[in-house]
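Step one of this worksheet: look at the structure below.
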Amino acid sequence: MSLDTLPHFSGINIPDLPQQLEALLNECRQKVDRVVQQPQPLHWDTLMLPLEEIDDRLEKFWSPVSHLNGVLNSDELRQAYEACLPLLTAYRSEMGQNRPLYEAVKNLAESADYPQLSRAQQQAIQHMLRDFTLSGVALEEPQRQRFSAIQQRLSELATAFSNNVLDATEGWEKVIADATELAGIPPTALQNFRQQAESKGQTGYRLTLDIPSYLPVIQYADNRELRRELYQAFTTRASDRGPQAGRWDNSAIMVETLQLREEMAQLLGFAHYAELSLQPKMADSPEQVIRFLEDLARAGRAQAQAELAEVQQFAASLGCDDLQAWDIPYYSEKLREQHYAVSQEQLRPYFPAETVVEGLFAITGKLFDISFAAQPGADLWHPDARCYQVLRGGKPIATFYLDLYARAKKRGGAWMDHYCGRRRRGDQLQLPVAYLTCNFSPPTSDRPALLTHDEVTTLFHEFGHGLHHMLTDIEVLNVSGINGVAWDAVELPSQFLENWCWQREAIPLISGHYQSGEPLPEELLNKLLAARNFQAGMQMLRQLEFSLFDLRMHMAPAPQDAADIQQLLNQVREQVAVLNPPAFNRFQNSFSHIFAGGYAAGYYSYKWAEVLSADAFSLFEDEGVMNEQTGRKFRDEILSKGGSEEAMTLFINFRGREPSQEALLRHSGIKSAGEAA
């Protein structure tokens, strides 16, 4: 893939973006009209290919803008981005409700040509017809106009929610002059705090609410009051509580979002938004998902209660008789060290970022028969970013960008997105391009970037998403790569790849002490593996709490105020949680996955896909974790197929049967219901 086919970030004219987008959208509208007005009957080449061309061009214009908004935010870009969103939403709403276009696609699905099309082409047509229905194509006025207005407003609310979380995260800092207040915090974190202060012209240590700053304090600071202060600031971001109370409050945004989602679902004839959300997913119904989540909660609850009791007793033995939420990570880390004599910070020197990336390339290269080559001439948005080609048999098949480190004006978390997907037009084959973004602690003046093992797992997770998009063999844009994949199956490749972070055969490839180059010693490796399931029950119940809250919130009548949301969350915690957080906690106000991302009534997808990924990996456990033949099978049956087949069909093709929860419970060290009895 030549560099001129990649995005040019430095060429983006930010002030002109709204005008450029408006002109492009008008051009797209005209092209769609010309396609629909062609003499009937329409065929794949005269209908679907031109539509694919239009979608591809629009995606390649907007994707770099959206990406920059996440990784290099600025006041100027935010203003232009927000001016563009209504234009884009209006266009998508128009296309979703374009009846002549819908009729043309429907006629193709009912034509004599349809059975002759490839499975991927048929799937793309069926997905498009489903999306027309979910976009309100059958609505009459004034419902059609109201539906479009709701879509527009929801887009605005999602952006506002995300901006508030970013601003609230960056709007808090604490500068500490006396290092004794930071006792217990590892030297690598202290060095980062000093560097943060220097970058702002401050002296001492600068603490923020970014994860590379927050986690070392909450896990290691002996200063209990400092832990409480950061915990309160972090868990009240963008809310009516805490040190920034009301400043970037997302409460009203959440209420309006849920009210509009309910109204949208009812306009389409669904009882609630959860029913609407599940239409393109693997799960059959919200009730099925509730049963799935509650079954896992029952399986994990006894273990979680025992884990909590253990950390409470341990904390009491050290003088803490009233264990609070800001104490649990601190005493849990000390308990882990006592049990297994290993900590994340102890492991960090063995996982320099560059070594981990090289090992990641080596593992996935062996499993999936690919290789990687740096693209030094690519246009990048920041010196930290890198660009690589993916090759098979020495020939390029994809490109991806890697941006690993936290910095100012960069959205928190880790994610994968894409610039374009694989598609064919005639003899021209477009190759996929992906973005992989993390927020790890950056290198300092005297050491490279060093990752905790948890961060190594995060990198493997995002790379799994990237491989899903990049290793596709499908040449129909709407179902190639991650396009068209059921949302509750899209986490399968990402969670699947995490397993190699825990394998004896793989650890030497991804580890090497940053000073000596020595791989992770056998003694530390044994401790790491022994500690894998430490507090697995508590971790599982926390994820199930989020999932049940999300789903029940989208099944319940829309809230009238933020207190209704809090009440529902409290009810879920009473059912699932083993320890309720303090009353000031406003986790929901920064729950971007469901209020500003694609996981509304779908957060359960992480656990759903974890069952799939654990069961898929169990085949490697049987046949060898570095078995190339099994790796090729996973590539060919799962990664290469994209959304061209139903997710369950692909899983069965790989595993030879439907998925079982047994592997997930076993990997988590949790006994199944039968074993527990």
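The values are calculated or read from the model by the stated rules, or taken from the named source; none is laboratory data. Everything numeric in this text was worked out from a predicted model, so none of it was measured. Note that we place each Cβ from the backbone using ideal geometry, even for glycine, and neighbour counts take in every protein chain shown.
When segment 583-596 is filtered for residues that are of a type outside the set (S, T, N, Q) and either in a helix (DSSP H, G or I) or touching a helix residue (DSSP H, G or I) at 6+ places or on another chain (Cβ under 8 Å) (or both), the ones remaining, listed by number, are Phe584, Arg586, Phe587, Phe591, His593, Ile594, Phe595, Ala596.
Counting the residues of segment 350-370 that are farther than 30 Å from Gly11 by Cβ and either surrounded by fewer than 19 Cβ atoms within 10 Å (Cβ to Cβ) or free of Cβ contacts under 8 Å to residues at least 12 places away in the same chain (or both) gives 5.
Of all the residues in segment 297-345, those that are modelled with pLDDT under 95, polar (S, T, N, Q) and not in a helix (DSSP H, G or I) number 1. Looking across segment 525-554, the residues that are more than 23 Å from the chain's Cα centre (by Cα) and part of a helix (DSSP H, G or I) come down to Leu525, Asn526, Lys527, Leu528, Leu529, Ala530. For segment 418-450, the candidate set comprises residues that are assigned to a loop (DSSP other than H, G, I, E, B) and touching a Ser or Thr at 6+ places or on another chain (Cβ under 8 Å); within that set, the residue that is farthest from Gln375 (Cα to Cα) is Ser441. Within segment 183-197, no residue that is assigned by TED's automatic domain parsing to the domain that holds Pro448 and under 17 Å from Leu347 (Cα atoms) sits with its Cβ atom under 8 Å from a residue that is outside any helix (DSSP H, G or I) and at pLDDT 90 or above at 6+ positions apart or across chains. I need the full set of residues from segment 562-607 which are of a type in the set (S, T, N, Q) and closer than 20 Å to Arg228 by Cα, in order please. Correct list: Asn580, Asn585, Gln588, Asn589, Ser590.
For every residue, the table says whether it meets (1) touching a strand residue (DSSP E or B) at 6+ places or on another chain (Cβ under 8 Å); (2) hydroxyl-bearing (Ser, Thr, Tyr).
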position: Gln430; (1), (2): yes, no
position: Thr437; (1), (2): yes, yes
position: Leu450; (1), (2): yes, no
position: His453; (1), (2): no, no
position: Thr458; (1), (2): yes, yes
position: Leu467; (1), (2): no, no
position: Val476; (1), (2): yes, no
position: Gly484; (1), (2): no, no
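The residue that is modelled with the lowest pLDDT, among those in segment 195-233 that are among the basic types (Lys, Arg) and surrounded by fewer than 20 Cβ atoms within 10 Å (Cβ to Cβ), is Lys200. If you go through segment 321-334 and pick out every residue that is closer than 19 Å to Ile185 by Cβ and free of Cβ contacts under 8 Å to residues at least 40 places away in the same chain, you end up with 2. Of the residues examined, Ala663 is not one that is touching a residue at least 24 places away in the same chain (Cβ under 8 Å), surrounded by 15 or more Cβ atoms within 10 Å (Cβ to Cβ) and out of contact with any Ser or Thr (no Cβ under 7 Å at 6 or more places or on another chain).
For segment 161-175, indicate whether the set of residues that are more than 30 Å from Pro39 (Cβ to Cβ) and in a loop (DSSP other than H, G, I, E, B) is non-empty. Checked segment 161-175: at least one residue is more than 30 Å from Pro39 (Cβ to Cβ) and in a loop (DSSP other than H, G, I, E, B). If you take the residues in segment 237-269 that are outside any helix (DSSP H, G or I) and under 22 Å from the mean Cα position of the chain (by Cα), which one is surrounded by the fewest Cβ atoms within 10 Å (Cβ to Cβ)? Result: Arg237. The set of residues from segment 578-619 being surrounded by fewer than 20 Cβ atoms within 10 Å (Cβ to Cβ), more than 17 Å from the chain's Cα centre (by Cα) and in contact (Cβ under 8 Å) with a residue 24 or more places away in the chain comprises Leu579, Pro581, Pro582, Phe584, Phe587, Ser618, Leu619.
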